[in-house]
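Scroll down for the structure; my scribbles are underneath it.
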Amino acid sequence: MHPIFLTIMKRLGLSVLTLFIVSVIIFSTVEFLPGDFGQAILGQAALPDTVAAFRRELGLDLPLHVRYFDWMGGVLTGDLGTSFSGRGTQGLDNSRPVIDLIAPRLSNTLFLASFTALIAIPLSLFLGITTALYRNSIYDRTVNTITLTTISFPEFFVAYLLVLIFASFYKVFPSLANISPDMPLGELIYRSALPALTLTLVIVAHMMRMTRAAIINLLANPYIEMAEFKGLSRVRIILHHALPNAWAPIVNVIAMNLAYLVVGVVIVEVVFVYPGIGQLMIDAVTARDIPVIQGCVMFFAVTYILLNLFADIISIITNPRLLHPR
Amino acid sequence: MNNNSTKQKNGILLEMQNIHIDGYSDDQWHRIVKGVDITLRRGEVLGLIGESGAGKSTLGLAAMGFVRAGCKLVKGSIRFDGTDLNTISEREKRALCGSRITYVAQSAAASFNPSHRLIEQTVETTVRQGLRSENVAKTDALRLFQDLQLPEPGIIGQRYPHQVSGGQLQRVMTAMAMSPKPDLIIFDEPTTALDVTTQVDVLASIRQIVDQYHTAAIYITHDLAVVAQMADFIKVLRYGETVEDAETRKMLKTPEKDYTKSLWAVRSIEKEEKQSDDIILKIDGVDAAYKGKTKVLKNVSIVVPRGCTVAIVGESGSGKSTAARVITGLLEPMKGQVLFNGEPLPLILKGRSKEQLRRIQMIYQSADTAMNPRHPVRDILGRPLEFYLGLSGAKRDRRLLELLELIELDESFVDRLPSELSGGQKQRICIARALAANPELIICDEVTSALDQIVQKGILQLLLRLQADLGISYLFITHDIATVRAIADQVVVMFQGCVVEQGMKSEILNPPYPSYTQLLLSSVPEMDPDWLSDLLEERSAL
């Protein structure tokens, strides 16, 4: 068996272990959130008996470990439980399965993340490579200044600035990105253009600067000098001799930024009223809707772990010492 | 071969006149090459020789029209086959470099791109510059691999650099330089990083291929014996100036300048060998391995008599340094024992008392990395004085000055940082640090290999004097036979983790030899231009 395959299997195993630990942490942390769902729903005036009965109905009276394994068993079979909210005090039950709440929001979030990534990654790579190629030139300094400026502003500021320019002054894009799943793709793209643009501006600097730094870092190597002595052009040296050795750090930064696009964009969602998973999670925290919080955080954890795994695998297969051992 | 009409034999190929190059360091420009002329005809090999800082590499690059970052060509003309390299555009220069002038660097391992297969890198310029089609270039490369006596020439090109040994990589790099069929190759210390036995093969391949293709070459090295085998003419450089140039045989037979003679300085020390029956260190039947991997030491036994120098010689990977790690306790052996003054030492470092540690000290190859760059000499030497001897205050300072005197430095060095010392001075401070503990045995691991000849000579003489005055015993690890002749009483020859021979220097370095010692000794270049030819003839006759 190829040793790479073994390494990847090992990483996969570790990922599963990490996920397990994360699930324990998530479950126990949520337990320690102040306040009680029963009390919150039934109001301050509710009798202790009523609260206790309500808690029993939701299973909140069972010991922690029992509830954990119950929940975990559900997660493994694709059942994230039932949302607490929607339950009335008068016996009416409008509650919905957590998965039904999360699924459409998650798909919206993934759509926005992919849309942004499709713009941001090629753009950062292009800018990173060209600034490395023409380092210390006017072009290099201009690009660096602009990207640093955009990353230095708070997200909401960039968002409102874009709204001001592209929705108020020039009515190019809508200022609200209230999409729904039945819209055609073109409409989806049109409506999410401003949030995607905002996120692009926020993450490009990081990825572009790492690409530039990783390449420049390699230029001091003797094999780059050798390539110069071989009479190769600068473009060839950067693309063919430096870039293939620079992937590991670049991919890691890309993975971090992609993870951010999935889990960290709640402010942008709020500004554009974009129905993403971030807002769902905030709402759930406010309503102390524990199953929904747990479901969201599990998805976030899976996203981080998968993206890091992906970055690891890319780092391994772009390293010839690992790919072609002696 | 290329039958370009301008290619007449013995026409002048390269003419460099009055070259002045400045280098920028310490916030100012220094002149590093001061008015050197080089004239090279087609098919000739010029040897550039000098110590570090002589400007030989800088000149080699200038022959390609290059200057390193932080350097600039101030004055001088460089004409290559009628073209003035100073006036042509970057694009024209690129077309010239890599196709008509090529370069072979010192460290092949670092000069190959780790991400691409060797064959791709070998033919890259030839194909990119459109000199030949990819297929033709690859076929040519295979022939070159064959000519350079690379093992499995058909397959080796498919490998990545890390899959090939240093000596082989150096030959692949020569093939890469030959691939475009250049008129001139610059060899910049191509064998310095190799073991002597490997060096012989690489030298032979390079010489044969340069002859065969009638390529001109500039061969840069600090080793006169090596350049004697390769060059038709030799130019000796010092501080960026020409000391002497002459035809090779003439230079070796009748060098005119004292500086030229000093280039084989170490070879002029001869130590009279001393015998002693008082054994200070004995390692017995030691097996050792790193992290459960294959054994690197197999049943190794070495004896060091008191007040004597035992030299361990062998190629890289023979287990010399591992033996030192076992003695110092840094690596726990799987089997065997270490006896010091007749008593067994605990095998791991943690088990040893401060007194046991004090008696064995170590000096390393690279003085640069063996000292904390932030500590002044006072702290570097003061620390062992406090730690082992409990000296402090005025007593410590007095001893500090005594130590500096022992290593022939004055008190002005006390407050200097390592970065303010020359290579030789750094190594002297490391010696003083070892002496600070009043040791009985010092292990010297390749302590002179990174130094220039004259500096080497000074260090070796210092070590000999210290031994005579203080009665210290040395275990001296080296791959350089000239150093062994200069300092050793006894010699241990190691090969692939085994001791091949141990005995008095006079026994080991004179016939009859076991076959490996014979191979090792015969591979050391000698100051005779016919040495390589004679050796190859002798070996092929066997």
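Please treat every number below as a calculation from the coordinates, not as lab data. As the structure is a prediction and not an experimental result, all values here were calculated from the model. Every residue, glycine as well, gets a Cβ built from its backbone with ideal geometry; the counts of neighbours run over all protein chains shown.
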For chain A, alpha-carbon Rg over 2.2 N^0.38 Å: 1.23
Residues in the range B:291-306 that a label on A:Leu6 would reach, taking backbone N under 20 Å of a point 7 Å out along Cα→Cβ: B:291-295
Those helices of chain A passing the 27 Å axial Cα length cut-off and the mean Kyte-Doolittle cut-off of -1.0 (DSSP H runs only) are A:3-31, A:98-133, A:185-218, A:290-317
Given the -39500 (n - 2.57) contribution per DSSP H run of 4+ residues, what per-residue ellipticity at 222 nm results for chain A, rounded to the nearest 500 deg cm²/dmol? -23000 deg cm²/dmol
Reachable lysines from B:Lys75, criterion Cα separation under 16 angstrom, eight or more residues apart if same chain: B:Lys34
Starting from the amide H of B:Val500, placed 1.01 Å from N in the peptide plane, find each other amide H under 5 Å away whose residue is 5 or more places distant or on another chain. B:Val493, B:Met494, B:Phe495
In whole Å, what are the extents of chain B along the principal axes defined by its C-alpha atoms, from largest to smallest? 77, 53, 46
May I ask what percent, to the nearest 5, of DSSP beta bridges between residues of chain B are antiparallel? 55
Calculated FRET efficiency, A:Thr142 and B:Ser77, Cβ-Cβ r, R0 35 Å, to nearest 0.05? 0.35
Classify the range A:162-250: rounded, prolate or oblate, from the alpha-carbon gyration tensor (a ≥ b ≥ c, eigenvalue square roots; a/c under 1.5 rounded; otherwise prolate if a/b is larger than b/c)? prolate
Once Lys and Arg get +1 and Asp and Glu get -1 on their Cβ, which of A:Trp247, A:Ala311, A:Gly264 lies farthest toward the positive end of the dipole of the protein assembly as shown? A:Gly264
Neighbouring Cβ atoms within 10 Å as the yardstick, rank B:Met230, B:Met16, B:Met173, A:Met9 fewest first. A:Met9, B:Met16, B:Met230, B:Met173
Return the aspartates and glutamates within reach of B:Lys257: Cα separation strictly under 12 angstrom, same-chain partners fewer than 8 residues apart disregarded; answer none if there are no such residues. B:Glu244, B:Asp245
At R0 = 30 Å, FRET efficiency that the Cβ-Cβ distance of A:Val172 and A:Ala248 yields, to 0.05: 0.15
Can you give the angle from 0 to 90° between the axis of helix B:531-541 and the longest principal axis of chain B, with both taken from C-alpha atoms, to the nearest 10? 90
How big, in percent, is the set of alpha carbon pairs in the range A:213-276 lying more than 18 Å apart? 53
With n ≥ 4 as the cut-off for DSSP H runs, can you work out [θ] at 222 nm for chain B, using -39500 (n - 2.57) per run divided by the number of residues, rounded to the nearest 500? -10500 deg cm²/dmol
Expected sort for B:Cys498, B:Cys308 with the fewest Cβ neighbours (10 Å cutoff) up front is B:Cys498, B:Cys308
For the protein assembly as shown, percent of DSSP beta bridges that are antiparallel (nearest 5) comes out at 55
Check cross-link reach from B:Lys354 to the lysines: straight Cα distance under 30 Å, and skip same-chain residues fewer than eight apart. B:Lys282, B:Lys291, B:Lys295, B:Lys298, B:Lys320, B:Lys335, B:Lys395, B:Lys426
Over the protein assembly as shown, the quotient of the Cα radius of gyration and 2.2 N^0.38 Å is 1.24
Kirkwood Rh and Cα Rg combined as Rg/Rh, the range B:235-367: 1.17
Taking amide hydrogens as modeled 1.01 Å from N in the peptide plane, which residues meet the under 5 Å criterion relative to B:Gly47, leaving out close sequence neighbours? B:Tyr219, B:Asp232, B:Phe233, B:Ile234, B:Lys235
C-alpha long axis of helix B:423-436 to longest principal axis of chain B, angle in °: 10
Using alpha carbons only, how many degrees (0 to 90, rounded to 10) separate the axis of helix B:377-389 from the longest principal axis of chain B? 30
